[in-house]
1. Determine the pairs where a residue that is open to solvent by 70 Å² or more (accessible area, probe 1.4 Å), located within the stretch 64-80, has a partner that is acidic (Asp, Glu) with Cβ atoms under 8 Å apart, the partner being 6 or more residues away or on another chain.
2. Please work out which residue is nearest to ligand 2 (Cβ to nearest atom), limiting yourself to the stretch 55-96 and to residues that are in a loop (DSSP other than H, G, I, E, B) and of a type in the set (A, V, I, L, M).
3. Mind checking which residues of the stretch 97-116 are of a type in the set (A, V, I, L, M, F, W, C), part of a strand (DSSP E or B) and without any contact (Cβ under 8 Å) to a residue 60 or more places away in the chain?
4. Name the residues in the stretch 84-116 that are within 16 Å of ligand 1 (Cβ to nearest atom) and open to solvent by 70 Å² or more (accessible area, probe 1.4 Å), would you?
5. Do we have residue 68 as at pLDDT 95 or above, touching an Asp or Glu at 6+ places or on another chain (Cβ under 6 Å) and away from ligand 1 (no atom under 16 Å from the Cβ) here?
6. Can you tell me which residue within the stretch 8-32, out of those that are of a type in the set (A, V, I, L, M, F, W, C) and open to solvent by 40 Å² or more (accessible area, probe 1.4 Å), is farthest from residue 115 (Cα to Cα)?
Amino acid sequence: MKELVIIIRPEKLETVKEILNNRQCGGMTISSVMGCGTQRGTTEQTVNVIKGFKTTINLLPKIRVEMVVKDEMVEDIITDIREKVVTGNVGDGKIFIRPMDDSVRIRTGERGDKAL
Ligand SMILES: Nc1ncnc2c1ncn2[C@@H]1O[C@H](COP(=O)(O)OP(=O)(O)OP(=O)(O)O)[C@@H](O)[C@H]1O
Ligand SMILES: [Mg+2]
């Protein structure tokens with residue numbers, strides 16, 4: 001099993017939900033987050049103030065999607081997301097992939113990928 005952590009533009013949430021639904025993923029968790037990548041949230045290094053401190057980092061609203069899937073689904077999901085979420089502009093987002101040891105469906109006690 002792998003956990004995919006997918007950071008996207010808020011306006012791409014419906015697209016990603018559709019992709020994951022079509023791929024029959026077991027479930028997903030969505031959060032509203034703030035973040036920046038290599039441009040530090042801006043193309044011009046404007047000076048911003050965060051908690052009273054001057055900073056050149058600007059945090060932009062993003063959506064974080066977490067999902068745990070079977071290993072064999074990972075590459076298909078990455079392909080779908082790259083095809084349908086890309087705009088070609090900076091800030092399109094990222095997919096982080098990490099190993100997931102185990103899972104438990106609380107209702108039944110099923111374990112591993114049977115619990116997804
Ligand atoms: N190395 C990272 N660690 C944690 N979160 C990251 C990282 N890189 C990007 N993110 C998250 O992903 C969001 C989108 O990143 P973004 O697409 O701007 O990455 P980038 O590396 O700057 O690529 P691009 O040049 O295409 O903009 C960020 O706002 C942040 O929430
Ligand atoms: Mg960027």
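1. Hits for this filter: 70/113.
2. 90
3. 104 - this is the single residue of the stretch 97-116 that is of a type in the set (A, V, I, L, M, F, W, C), part of a strand (DSSP E or B) and without any contact (Cβ under 8 Å) to a residue 60 or more places away in the chain.
4. First pass over the stretch 84-116, keeping only residues within 16 Å of ligand 1 (Cβ to nearest atom): 84-98.
84, 86, 89, 90, 94, 96, 97, 98, listed by residue number.
5. Criteria met by residue 68.
6. By that ranking, first place goes to 30.
The values are calculated or read from the model by the stated rules, or taken from the named source; none is laboratory data. All values reported here derive from a predicted model rather than from experimental measurement. Glycine also receives a Cβ, built like all others from the backbone with ideal geometry; neighbour counts cover every protein chain displayed. These area figures cover heavy atoms from the full protein model, side chains too; ligands, DNA and RNA do not enter into them. Shrake-Rupley method; radii C 1.70, N 1.55, O 1.52, S 1.80 Å.
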